[in-house]
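Engineer: Attaching a single structure in structure tokens format; questions to follow.
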Amino acid sequence: MKKIYLIGIGAGNPDYLTVQAINTMKKVDVFFLLEKEGCEELVGIRKEILEKYLEEGRYRVVTAEICERKKGGRLYEQGVETWRQQKAGVILELIKHKMNDGETGAFLIWGDPSLYDGQLEILQYILKQGVVDFEYEAIPGITSVQVLAERHKIPLNRIGETIVIATGRRLKEYAPSEVKNIAVVLDSYAAFRHFRDEDIDIYWGAYLGTADEILISGRLKDVIEDIQKLRKEAKKRKGWIMDAYILRRVEGLEMDKVDSHNYDDIC
């Protein structure tokens, strides 16, 4: 029986790999690296991770090109489904023809396989086709949301507060009054623009955990122009950008204003 691992590799820094991820990588016979046009650097980072933690000659690397998802159109879900089916066709061929029976294969997933990745659902879709049989397992990784909070030295939620994780596309559906504490990923729209007049702080970061990391924080209305300028320049320079941010309304409990007796009650 063939086995596939989806290994979360964190936000870009090889040091973010967990011990579990490294130990799993040592059991893998072939690594499948999927690349899109203009994102060759991401494949290079994955290769650097393999070279850092694994002994040369103990594994194979197979690269395959996948198409870019076509954006726009009225039926977003249908477009994503079509793109995933195309990607599934590529992955099916890799599992079927680039692995031997009894071997293990792996895909190195940016961040964590369970957070806005889709690879788990693609493997499940392939299995339902009944063309090839395999086992699979997901190895968790450090997400960009975790790294973002760590780099800005903030908790993900304040006292008694929840946090919402959304995409840029979903953020646009929020009314300004609904924005309390939202972490945003996969935002090609710069959707934070819709809240520039609100009393909201932003904690923004791009290329988190890498040598190209960019961090900006402050009142959204004060730093929005800087973020948009740096975002545009970085994408033009590198050809791609991965960024994330937290929008946080300026309200709630402030530690320096808490009465010590009442704070003891809270604790």
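The values are calculated or read from the model by the stated rules, or taken from the named source; none is laboratory data. Only a predicted model underlies this, so the values are computations on that prediction, with no experimental measurement involved. Glycine gets a Cβ as well: all are built from the backbone with ideal geometry, and neighbour counts include every protein chain shown.
Engineer: Quick one: count up the residues across region 116-136 that are closer than 15 Å to residue 105 by Cα, surrounded by fewer than 18 Cβ atoms within 10 Å (Cβ to Cβ) and in contact with a Leu (Cβ under 7 Å, 6 or more places away or on another chain).
Structural biologist: Final tally of qualifying residues: 2.
Engineer: Return yes when residue 190 is of a type in the set (Gly, Ala, Ser) and touching a strand residue (DSSP E or B) at 6+ places or on another chain (Cβ under 6 Å) and no when it is not.
Structural biologist: Details: of a type in the set (Gly, Ala, Ser): yes; touching a strand residue (DSSP E or B) at 6+ places or on another chain (Cβ under 6 Å): no.
In short, no.
Engineer: A further question follows. Counting only residues that are part of a loop (DSSP other than H, G, I, E, B) and more than 21 Å from residue 111 (Cβ to Cβ), how many does region 27-66 have?
Structural biologist: The initial filter retains those residues of region 27-66 that are part of a loop (DSSP other than H, G, I, E, B), namely 27-29, 36-39, 54-59, 66.
Those left that are additionally more than 21 Å from residue 111 (Cβ to Cβ): 27, 29, 37, 55-59.
Going through region 27-66 one residue at a time, the tally reaches 8.
Engineer: Give the residue, chosen from 93, 77, 81, that is closer than 25 Å to residue 2 by Cβ, more than 15 Å from the chain's Cα centre (by Cα), surrounded by fewer than 16 Cβ atoms within 10 Å (Cβ to Cβ) and charged (D, E, K, R).
Structural biologist: Numbers: 77 fails: closer than 25 Å to residue 2 by Cβ; 81 fails: closer than 25 Å to residue 2 by Cβ.
Answer to the check: 93.
Engineer: Now, a different point. Is at least one residue of region 135-150 more than 19 Å from the chain's Cα centre (by Cα) and farther than 12 Å from residue 245 by Cβ? Reasoning before the result, please.
Structural biologist: If we filter region 135-150 for residues that are more than 19 Å from the chain's Cα centre (by Cα), which is where we start, we get 135-136.
If we keep only those that are farther than 12 Å from residue 245 by Cβ too, we end up with 135-136.
Yes.
Engineer: Taking region 153-167, which residues are surrounded by 15 or more Cβ atoms within 10 Å (Cβ to Cβ) and farther than 13 Å from residue 248 by Cβ?
Structural biologist: Scanning region 153-167 gives 165, 166, 167.
Engineer: Exactly one of (1) touching a Lys or Arg at 6+ places or on another chain (Cβ under 8 Å); (2) over 28 Å from residue 180 (Cα atoms) is unmet by residue 118. Its number?
Structural biologist: Going through (1) touching a Lys or Arg at 6+ places or on another chain (Cβ under 8 Å); (2) over 28 Å from residue 180 (Cα atoms) one by one, residue 118 breaks only (2).
Engineer: Working only within region 4-40, note down all residues that are of a type in the set (D, E, K, R) and either assigned by TED's automatic domain parsing to the domain that holds residue 151 or surrounded by fewer than 16 Cβ atoms within 10 Å (Cβ to Cβ) (or both). First the steps, then the outcome.
Structural biologist: Residues of region 4-40 that are of a type in the set (D, E, K, R), as a first pass: 15, 26-27, 29, 35-37, 40.
Correct list: 15, 26, 27, 36, 37, 40.
Engineer: Quickly run through region 135-164 and pick out the residues that are in a strand (DSSP E or B) and in contact (Cβ under 8 Å) with a residue 60 or more places away in the chain. Please lay out each step first, then the result.
Structural biologist: Filtering region 135-164 for residues in a strand (DSSP E or B) gives 135-139, 164.
Of everything in region 135-164, those that are in a strand (DSSP E or B) and in contact (Cβ under 8 Å) with a residue 60 or more places away in the chain turn out to be 135, 136, 137, 138, 139.
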